[in-house]
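Student: First the structure, which I've put down as structure tokens, then a few questions once you've had a look.
The values are calculated or read from the model by the stated rules, or taken from the named source; none is laboratory data. Source: prediction; values computed, not measured. Neighbour counts are summed over all protein chains in view; Cβ atoms, including those assigned to glycine, are modelled from backbone coordinates with ideal geometry. Protein only, heavy atoms only, side chains kept; ligands, DNA and RNA dropped before computing areas. Shrake-Rupley method; radii C 1.70, N 1.55, O 1.52, S 1.80 Å.
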Amino acid sequence: MKFVKMNGCGNDYVYFDLLGGGCAEDIIPAIEKLSDRHFGVGGDGVVLIMKSDVADARMRMFNADGSEGKMCGNAVRCVGKYLYDNGYVKSPDVSVETASGVKKLALRIENGVCTGATVNMGKPIVKAEDVPADVKAAAGVTVDTPWGDGALVNVPVTVCGRTFGLTAVSMGNPHCVAFIDEPVSDFALELYGAALEKHPMFPERVNAEFVNVGEDNMLTMRVWERGSGETMACGTGSCATAVAAVLNGYADASRPVKVKLKGGVLTIELRDDGVYMSGDAKVNFTGETEL
């Protein structure tokens, strides 16, 4: 079966085009094998590009462990690129149906090819029970925010003998953001990220971001994604990190926030109608595999 390997800011997935036919159920059982970087194609997961009744296309994304996610900001940019570069859409204004709603994309076109996109990721969800995050398990007090009441902001949570101040935000999938003093490059992400992913505070598991605050609205972040482990970048995580930085007084919401990740930089804008994310979209290679 033919596939294309694409990445947004280093966040790489194996993409299958099912717009002309094909069955998702034939691919889903093979996701773990396909994602394996030694014995498979290799990637942070698999994305299926499918027909939609409400948008230009539908995206289903799966983590490397085979679990299905609701949204991936880096992947949706790549879906937009695929649709444009392969002639499924003619306009740079593209809509993609996801499990967390229809996302609107403004593609960046250079010499007839899409090289990136700006995506309206929707408004952040901060109410603890909607993230979801368990207030009792966090032993925290909720606060009111510009994006809604009942938020967990800088709540102390201890894992593996260390206490972090966590801010819980959903961008279609749950995130917890911790601002730390030591360089994220030296941080024991595999230890603490894995522990937070399965913390009882988060009934659906969680993506964990660890962040250094820089100057001029620059944040440096590493991410541990539920079901995939560390990835080079996370679009929803970058949006959640920007929101958390504003809630904690580390960033200015009136200006773009730059989030530096291992795979590059994403630009986040906090507008009245949603959180906008801008970044690249690239093809790694195409191929064919037996499932």
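Student: Is it the case that some residue within region 56-69 is within 17 Å of the chain's Cα centre (by Cα) and among the polar types (S, T, N, Q)?
Tutor: Looking through region 56-69, at least one residue is within 17 Å of the chain's Cα centre (by Cα) and among the polar types (S, T, N, Q).
Student: While we're here: Given the structure, is residue 87 at pLDDT below 95, more than 20 Å from residue 239 (Cα to Cα) and over 15 Å from the mean Cα position of the chain (by Cα)?
Tutor: Against the criterion (at pLDDT below 95, more than 20 Å from residue 239 (Cα to Cα) and over 15 Å from the mean Cα position of the chain (by Cα)), residue 87 does not qualify.
Student: Here's something else I'd like to know. Filter region 98-142 down to residues that are part of a strand (DSSP E or B), within 30 Å of residue 159 (Cα to Cα) and of a type in the set (D, E, K, R), then give me how many there are.
Tutor: Final tally of qualifying residues: 1.
Student: Which of the residues that make up region 81-95 are free of Cβ contacts under 8 Å to residues at least 40 places away in the same chain, open to solvent by less than 50 Å² (accessible area, probe 1.4 Å) and assigned to a strand (DSSP E or B)?
Tutor: Across region 81-95, the qualifying residue is only 94.
Student: Suppose the filter is among the β-branched types (Val, Ile, Thr) and either open to solvent by 10 Å² or more (accessible area, probe 1.4 Å) or assigned to a loop (DSSP other than H, G, I, E, B) (or both); does residue 31 pass it?
Tutor: On the way: among the β-branched types (Val, Ile, Thr): yes; either open to solvent by 10 Å² or more (accessible area, probe 1.4 Å) or assigned to a loop (DSSP other than H, G, I, E, B) (or both): no.
Criteria not met by residue 31.
Student: Name the residues in region 96-139 that are open to solvent by 20 Å² or more (accessible area, probe 1.4 Å) and more than 22 Å from the chain's Cα centre (by Cα), would you?
Tutor: Once the filter is applied, which keeps residues that are open to solvent by 20 Å² or more (accessible area, probe 1.4 Å) and more than 22 Å from the chain's Cα centre (by Cα), region 96-139 yields 109, 110, 111, 112, 113, 135, 136, 137, 139.
Student: Find the residue count for region 229-241, including only residues that are surrounded by fewer than 24 Cβ atoms within 10 Å (Cβ to Cβ) and not acidic (Asp, Glu).
Tutor: Taking region 229-241 first, the residues surrounded by fewer than 24 Cβ atoms within 10 Å (Cβ to Cβ) are 229-230, 232.
With not acidic (Asp, Glu) added as a condition, the list becomes 229, 232.
Matching residues across region 229-241 total 2.
Student: Could you tell me whether residue 229 is touching a strand residue (DSSP E or B) at 6+ places or on another chain (Cβ under 9 Å), within 25 Å of residue 73 (Cα to Cα) and small (Gly, Ala, Ser)? So that I can check it myself, show each step before the final result.
Tutor: Details: touching a strand residue (DSSP E or B) at 6+ places or on another chain (Cβ under 9 Å): no; within 25 Å of residue 73 (Cα to Cα): yes; small (Gly, Ala, Ser): yes.
No; evaluated as a whole, the condition is false for this residue.
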